[in-house]
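For reference, the structure is listed below as structure tokens.
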Amino acid sequence: MSRLPVSHAARWRLKLLGAAALMFLCSACGDGIPKDRDDDDDDPPPQSTALTVFAGDPTADGTMDGTGTAARFTNPRGLAIDASGNLYVADTGNATIRKITPAGVVTTLAGAARVTGTANGSASDARFANPAAVAVNSQGTVFVADNLAIRGITPAGQVSTRYTLPVGTNVDGRSMADVVAGGLAVDTNNNLFITNRYGSRRLSAANEVVMLEGQAVANDLLGTRLFLPRGVATDSAGSAYLYDLEGKISKWTPSGPFGTPTLVGLAGAANTKGAANGTGLDARFEHVLAMTVDPQGNVYAADTTNNLVRRITPAGVVTTVAGTTRANLVRTGALPGSLADIRGIVTDGKGNLYVTSGNAIVKIVLP
């Protein structure tokens, strides 16, 4: 049978049909021509800036009050936050206590910039020697770990000495770095938790002392020693969390299963340093200078030298939420970013952390 001739127009129709079929197949494979954008399509959410400088300048020290990055600090350490969202900073290098409002306005709460001493009295007349850590109770009293003394600043601006750590016998003056207070926290019952190099204690409102670990007094301390604070924090149930004497994160409860206080390891391995994440004994910390606890019971640790912010869940799972291991500068933007030497940390309970890093207070918005 003879084949009928195909017209030129018919050939073009066949080519167009083939091209249309090919375009359909390509579109089905995901590589086709993009569809037109509907007016109802949502824009992708913009990437949030999770790490910002809230107050001060990481690389520039000073004593200036002001707003946000116009203010200046010198080697700030401890941080605390009150129910209204005001931050309190142990501005160690300036020997003052600073206050930062939620809007970032920085003022000097007590002390005189770079004038050291131990004087009590009105906030402007008071003097601090080495303010290293701060805590604030529900009445608005700010407590300060200042060498051997725990000082209190009332809302009316009066400074007094709340407690003095005891010194043992035969303690070399060059060894006092082991004795002085480095960590401080307060619970909802106004119990203070204080750490130094060889012990952790709870001080009740009636000045009764309960040792959580270690010794109340150490004797025969000789030679030059370095000041290495150990972090402590409390939760709403009255439990305390410590960077303990073995270099682990441990939890202390006021009454254990047999009616006695207990200290239980949560994360980290005894006397083993590092930066590894993991669960329980698999995690490693270099040295935790400060801690804070959120309403869900997650602990956040300022892990110095590593310069990382670590999260420890109630189940002991450790992750890094901010910072690059052993970085030495502040890099803002998306997490993890990087942090300079980190010394203090506090949560606002609303998904934000504040840390002292370099000469600044850095805000971290958690994902």
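Here segment 263-367 is assigned +1 on the Cβ of each Lys and Arg and -1 on the Cβ of each Asp and Glu. Its dipole about the Cα centre then comes out at about 140 debye.
Quick one: compute the contact order of the chain, relative version, from alpha carbon pairs under 8 angstrom and 6+ residues apart, as a percent. Mind showing how you got there, number by number?
Details: 1005 pairs, mean separation 49.1, N = 367.
Relative CO of the chain lands at 13 percent.
In this simple spin-label approximation, Thr279 and Ala334 carry label points 7 Å from Cα along the Cα→Cβ vector, and these lie 2.9 nm apart. Among residues other than Val171 with Cβ under 9 Å from its Cβ, the summed charge is -3 (Lys and Arg +1, Asp and Glu -1).
Placing unit charges on the Cβ atoms of the charged side chains and taking the dipole of the chain about its Cα centre, the candidate lying farthest along the positive direction among Ala149, Leu203, Thr92 is Thr92.
Measuring between their Cα centroids, segment 154-203 and segment 319-344 lie 29 Å from each other.
For the residue pairs Lys273/Lys350; Lys99/Lys350; Lys99/Lys248, the alpha carbons lie more than 29 Å apart in Lys273/Lys350; Lys99/Lys248.
Using the crude model of +1 on Lys and Arg Cβ and -1 on Asp and Glu Cβ, and no other charge, please compute the dipole size for the chain relative to its Cα centre, in debye to 20.
On the way: 31 positive and 30 negative charges, 147 e Å.
For the chain, the charge dipole is close to 700 debye.
Which value, in Å², gives the accessible area per residue of the chain when a 1.4 Å probe is used on the protein heavy atoms?
On the way: 17400 Å² over 367 residues.
Roughly 47 Å² per residue, with all protein chains present.
Using the Cβ of Thr92 as centre and a radius below 13 Å, the other residues enclosed give a net charge of 0, where K and R count +1 and D and E count -1. For segment 108-178, the Cβ-based charge dipole about the Cα centre amounts to some 100 debye (Lys, Arg positive; Asp, Glu negative; other atoms uncharged). Working note: Debye formula, equal point scatterers on the alpha-carbon atoms of segment 159-242, no solvent; log10 I(q)/I(0) at q = 0.25 Å⁻¹ is -1.24.
Here the extension length gained between Asp172 and Arg114 equals 18.3 nm, from 0.36 nm per residue of separation less the Cα-Cα distance. Each stretch of four or more DSSP H residues adds -39500 (n - 2.57); spread over every residue of the chain, this sum gives -2000 deg cm²/dmol at 222 nm.
Any chance you could tell me what percent of the C-alpha pair distances in the chain go past 37 Å? More than 37 Å apart: 28 percent of the Cα pairs in the chain. Approximating the spin labels as points 7 Å out from Cα along Cα→Cβ, the Glu213-to-Thr313 distance works out to 2.3 nm.
Taking only Cα atoms, what is the 0 to 90° angle, nearest 10, from helix 8-28's long axis to the longest principal axis of the chain? So the inclination is approximately 20 degrees.
When the P(r) is computed for segment 113-221, the part past 26 Å accounts for 17% of the Cα-Cα pairs. Projecting the Cα positions of Val53, Val105, Ala119 onto the charge dipole of the chain (unit charges on Cβ atoms of Lys, Arg, Asp and Glu, taken about the Cα centre) puts Val53 furthest along the positive direction.
Answer rounded, prolate or oblate for segment 149-288, using the Cα gyration tensor with square roots of eigenvalues a ≥ b ≥ c: rounded when a/c is under 1.5, else prolate when a/b is larger than b/c, else oblate.
Taking the square roots of the gyration eigenvalues as a ≥ b ≥ c, segment 149-288 is oblate.
Here segment 300-365 has 50 percent of its accessible surface on carbon and sulfur atoms, given a 1.4 Å probe and all protein chains in place.
The values are calculated or read from the model by the stated rules, or taken from the named source; none is laboratory data. These numbers come from a predicted model, not from an experiment. Cβ: placed from backbone, ideal geometry, glycine included. Neighbour counts: every protein chain shown. Just so you know, the surface numbers come from the protein's heavy atoms only, side chains and all, with ligands and any DNA or RNA stripped out. Shrake-Rupley method; radii C 1.70, N 1.55, O 1.52, S 1.80 Å.
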